[in-house]
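Visitor: Dropping a structure here in structure tokens format, bear with me for questions.
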Amino acid sequence: MKTDKLTRWRLLLGGGEADGTGQELQGNLQQMDQSLQALYDSAQNRKGGLGSSTPNLNRWLGDIRQFFPTSVVQVMQKDALQRLGLERMLLEPELLESVQPDVHLIATLLNLKNIIPHKTKDTARKVVQGVVEELKKRLQLPFTQAIKGALNKQSQRRRPRSSEINWDLTIRKNLQHYQPDYQSIIPHRLIGYGKKGQKLKEVILCVDQSGSMATSVVYASIFGAVMASIPALSTRMVVFDTSVVDLSEHLQDPVDLLFGTNLGGGTDINQALQYCQALIQRPRETILILISDLYEGGNRQELMKRFAEIQYSGVQLIPLLSLSDDGKPAYDREMAQYLASLHAPAFACSPDQFAKLMADAISGG
């Protein structure tokens with residue numbers, strides 16, 4: 001981004017009483033100024049605007065990657081560690097072990113994973129693993145039960161071939177149709193075991209890994225690992241910023257999966273969906289979950305066309321603005337309205353509600 005000398009001085013001075021330029025900033029320059037102010041303005045720091053326990057830090061880390069070159073980002077991250085009191089925590093494994101870990105701390109550690117000192121990396125990984133295990137204990141059982149219940153119903157609704165009929169269950173479900181004259185049961189409904197060797201549903205998690213989506217990435221990784229353990233589901237997980245990374249091979253270990261993400265940076269949803277489209281083999285048996293705030297940094301018109309292509313192909317498209325306890329984030333309302341016109345409404349979802357959402361999606365609700 002090219003700027004003149006006066007604008008650079010304005011960014012350096014930070015506005016307010018220190019500003020003698022009279023220069024007004026707009027658009028990306030204003031966002032750059034806000035990112036600088038959040039770190040270097042002492043008054044802002046006294047208000048705790050980037051406290052380590054707030055999601056604001058994760059958004060800020062994503063913003064600086066978007067607006068500044070890599071060399072500047074590295075300096076700002078190190079300054080943030082010092083000014084926000086995080087440096088000592090990340091440099092000393094003992095202190096990192098003593099903090100109360102939560103999903104926001106995990107998101108912060110993942111954001112900063114490339115600059116965490118080597119001696120602290122093992123400790124950071126243990127902290128991440130501890131939080132992941134706690135979240136799995138809370139979420140895995142109800143999620144698995146809801147998914148398997150929906151899959152069983154899905155299997156039973158199929159019209160089975162003769163070799164796939166579950167005769168025991170078919171007879172019990174049709175006892176009311178017993179015909180005394182023929183001493184026989186006339187089955188009104190055949191119930192099958194499902195097709196052997198074929199997954200009932202294909203699930204693709206397509207996750208925006210920009211800074212504002214950090215906690216959603218954590219939860220999506222956990223749910224992706226749980227779904228990968230269910231034999232009737234074929235689960236893929238794709239993360240993206242301006243590039244696309246398929247992390248499906250890491251779904252067996254959500255910690256490895258999380259450390260394979262690269263939080264922050266820009267957003268190219270269209271490119272990510274293009275990749276996901278290539279994975280789809282059975283459109284009517286595929287659930288594509290896009291987790292993103294819908295702010296497109298790539299080709300907006302192409303994205304809208306691709307949304308329509310996917311929806312009309314028979315794929316069940318579910319756009320989630322977030323998958324976290326943080327509530328509904330800032331999002332592109334125009335794009336959300338467009339998705340609603342395609343009968344694919346975008347909404348935020350809490351982790352506790354995700355089980356019901358997936359069960360409804362599988363059963364066609």
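Visitor: Under a straight-distance cross-link criterion of Cα-Cα below 18 Å, which lysines are reachable from Lys201, leaving out those fewer than 8 residues away in the same chain?
Guide: Lys201 reaches Lys148, Lys153, Lys356.
Visitor: When the Karplus curve 6.51 cos²θ - 1.76 cosθ + 1.60 is applied with θ = phi - 60°, which whole-Hz ³J(HN,Hα) does each residue of the range 285-296 get, with x for Gly and Pro?
Guide: 10, 10, 10, 10, 9, 9, 10, 6, 7, 6, 6, 8
Visitor: Shifting gears a bit: Calculated FRET efficiency, Ala278 and Ile186, Cβ-Cβ r, R0 45 Å, to nearest 0.05?
Guide: Working: r = 47 Å, r/R0 = 1.04.
Efficiency, from the Cβ-Cβ distance: 0.45.
Visitor: In addition: Report the label-to-label distance for Asp168 and Ser313 in nanometres (one decimal), using points 7 Å from each Cα along the Cα→Cβ vector.
Guide: Placing both labels 7 Å beyond Cα along the Cβ direction yields 4.0 nm.
Visitor: For Phe143, Phe68, what's the largest-to-smallest order of accessible area, 1.4 Å probe? Show your work: numbers first, answer last.
Guide: Working: Phe143 0, Phe68 30 Å².
So the residues, ranked largest to smallest area, are Phe68, Phe143.
Visitor: If His104, His188 are ordered by their accessible area, calculated over protein heavy atoms with a 1.4 Å probe, which sequence runs from highest to lowest? Please report the intermediate quantities before stating the final value.
Guide: On the way: His104 30, His188 135 Å².
The residues order as His188, His104, largest area first.
Visitor: With a probe of 1.4 Å, find how much accessible area the range 303-365 has per residue, and write the answer as a whole number in Å². Numbers along the way, then the final one.
Guide: Details: 2790 Å² over 63 residues.
With the other protein chains kept in place, the range 303-365 gives 44 Å² per residue.
Visitor: Pairs Lys78/Lys113; Lys5/Lys78; Lys121/Lys328: which exceed 24 Å Cα-Cα?
Guide: Numbers: Lys78/Lys113 12 Å; Lys5/Lys78 26 Å; Lys121/Lys328 32 Å.
Going by Cα-Cα distance, Lys5/Lys78; Lys121/Lys328 fall outside the 24 Å limit.
Visitor: Could I ask something else about it? From the C-alpha coordinates alone, can you work out the Kirkwood hydrodynamic radius of the range 209-266, in Å? Please report the intermediate quantities before stating the final value.
Guide: Details: mean 1/r = 0.0876 Å⁻¹.
Kirkwood radius, the range 209-266: 11.4 Å.
Visitor: Hey, rough spin-label estimate for Glu24 and Lys121, points 7 angstrom out along Cα→Cβ, what's it come to in nanometres?
Guide: 4.9
Visitor: How many nm separate the modelled label positions at Val245 and Gln176, each set 7 Å beyond the Cα in the direction of the Cβ?
Guide: Inter-label distance under the simple model: 5.4 nm.
Visitor: Return the long-range amide H neighbours of Val203 (sequence gap of 5 or more, or a different chain), with a cut-off of under 5 Å between placed amide H atoms.
Guide: The list, which skips near neighbours in sequence, is Ser234, Thr235, Arg236, Ile287.
Visitor: In terms of the Cα gyration tensor, with a ≥ b ≥ c the square roots of its eigenvalues, is the range 260-345 rounded because a/c is under 1.5, prolate because a/b exceeds b/c, or oblate? Can you show the working numbers first?
Guide: Numbers: a/c = 1.41, a/b = 1.30, b/c = 1.09.
Rounded is the answer for the range 260-345, as its axis ratio a/c remains below 1.5.
Visitor: What is the calculated FRET efficiency for Lys78 to Asp4, with r their C-beta to C-beta distance and R₀ = 35 Å, to the nearest 0.05?
Guide: Values: r = 28 Å, r/R0 = 0.81.
That pair, Lys78 with Asp4, gives E of 0.80.
The values are calculated or read from the model by the stated rules, or taken from the named source; none is laboratory data. From a predicted model like this one, the values you see are computed outputs, not experimental measurements. When we count neighbours, we look across all protein chains shown, and the Cβ atoms used for this are built from the backbone with ideal geometry, even at glycine. Protein only, heavy atoms only, side chains kept; ligands, DNA and RNA dropped before computing areas. Shrake-Rupley method; radii C 1.70, N 1.55, O 1.52, S 1.80 Å.
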